[in-house]
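Worksheet for the structure shown next.
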Amino acid sequence: MKGKKKIIITIDGWSSCGKSTLAKQMARELNYVYIDSGAMYRAITLYFLRNHIDWTRHKQVEEALKQIDLQFDYNENSLQSEIHLNQENVEYVIRDLVVAEKVSEVAAIKEVRAFAVEQQRKMGKPKGIVMDGRDIGTTVFPKAELKIFMTADTAVRIERRFKELFQKNPNTTIEEVRNNLEMRDYIDSHRDVSPLRKAEDALVLDNTNLTEKEQLDLAMKWAREKLGTGN
Ligand code: DC
């Protein structure tokens with residue numbers, strides 16, 4: 001639709017709040033591009049693990065980042081954009097607990113954040129995007145037109161993530177899911193560089209008691225208000 005106003009929508013929040021579900025649905029409704037910024041940190045972590053990078057050493061991190069190429073490509077079968085690490089589709093392996101256990105540590109590294117944020121900003125240049133993560137409304141796009149901060153009760157988030165991981169791997173236990181989620185929330189919100197926090201102008205969406213449809217309706221109402229296309 002030529003000439004139509006396009007905006008940037010950011011969705012930040014705690015782990016397993018359903019950010020990506022909402023972001024994908026909004027992108028579909030608005031015909032926008034969806035970018036999963038967490039996938040970038042996960043893919044970098046996967047590279048570090050596979051190549052035995054000692055990420056406590058700055059030099060190793062800097063050298064490793066030079067070898068990493070990240071691209072999102074649309075998959076006609078899954079109907080979503082999927083992340084590629086050096087041309088390999090890693091969209092599914094990065095969801096593994098092995099990666100989840102280390103990703104918050106890697107995402108707290110200054111050089112890693114600078115690397116990811118630079119690419120995220122480039123992707124947002126044409127606007128018309130929905131990007132989810134932890135620092136999108138605060139650091140990546142502080143001037144975004146619509147910022148959503150998502151939250152839900154911890155017990156509900158653990159239950160949701162457990163169901164998702166259990167389907168893929170029946171050996172998954174609720175304890176390991178709880179430990180991982182609490183650890184990630186703690187590291188993500190206490191790191192020095194761009195910690196997870198609500199941007200002052202973000203709208204809070206607590207979906208503890210909302211259905212997917214209800215949360216989408218609410219978020220789309222906010223988007224239409226920002227787009228000036230009414231209710
Ligand atoms: O959204 P996710 O669970 O896939 O994110 C994986 C990790 O990446 C998460 O624990 C924190 C980190 N992350 C981040 O620090 N900043 C972002 N913008 C997105 C994710």
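Quick look at the values:
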quantity	calculated
Meets criteria (within 20 Å of the chain's Cα centre (by Cα) and within 11 Å of the ligand (Cβ to nearest atom)) for Ala43	yes
Helices (runs of 4 or more DSSP H) wholly inside region 8-108 that include at least 1 residues being closer than 26 Å to Glu176 by Cβ and open to solvent by less than 10 Å² (accessible area, probe 1.4 Å)	19-30, 37-50, 97-107
Residue count, region 183-217 (criterion: open to solvent by 30 Å² or more (accessible area, probe 1.4 Å), in a helix (DSSP H, G or I) and under 19 Å from Ile8 (Cβ atoms))	0
Selection within region 10-30 - touching a residue at least 12 places away in the same chain (Cβ under 8 Å) and more than 14 Å from the ligand (Cβ to nearest atom)	Gln25, Met26, Ala27, Glu29, Leu30
Of all residues in region 218-231 being open to solvent by less than 70 Å² (accessible area, probe 1.4 Å) and assigned to a loop (DSSP other than H, G, I, E, B), the one that is nearest to Glu111 (Cα to Cα)	Gly228
Inter-residue pairs, beta-carbon under 8 Å, first closer than 12 Å to Lys198 by Cβ and in region 128-156, second part of a loop (DSSP other than H, G, I, E, B) and near the ligand (Cβ under 8 Å from one of its atoms), 6+ apart	Arg134/Ser194; Arg134/Leu196; Asp135/Ser194; Asp135/Leu196; Thr138/Ser194
Test: residue in region 147-157 that is under 13 Å from the mean Cα position of the chain (by Cα) and away from the ligand (no atom under 12 Å from the Cβ)	yes
Number of the condition not met by Val130 [criteria: (1) assigned to a helix (DSSP H, G or I); (2) open to solvent by less than 10 Å² (accessible area, probe 1.4 Å)]	(1)
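Every residue, every condition in (1) within 16 Å of the ligand (Cβ to nearest atom); (2) of a type in the set (Asp, Glu); (3) at pLDDT 95 or above, yes or no:
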{"position": "Asn169", "(1), (2), (3)": "no, no, no"}
{"position": "Arg178", "(1), (2), (3)": "yes, no, yes"}
{"position": "Ile187", "(1), (2), (3)": "yes, no, no"}
{"position": "Ala199", "(1), (2), (3)": "yes, no, yes"}
{"position": "Leu205", "(1), (2), (3)": "yes, no, yes"}
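The values are calculated or read from the model by the stated rules, or taken from the named source; none is laboratory data. For clarity, every value in this text was computed on a predicted model and none was experimentally measured. A quick note on method: Cβ atoms are made from the backbone with ideal geometry, for glycine too, and the neighbour counts reach across all protein chains shown. The area values use the complete protein model at the heavy-atom level, side chains included, leaving out ligands, DNA and RNA. Shrake-Rupley method; radii C 1.70, N 1.55, O 1.52, S 1.80 Å.
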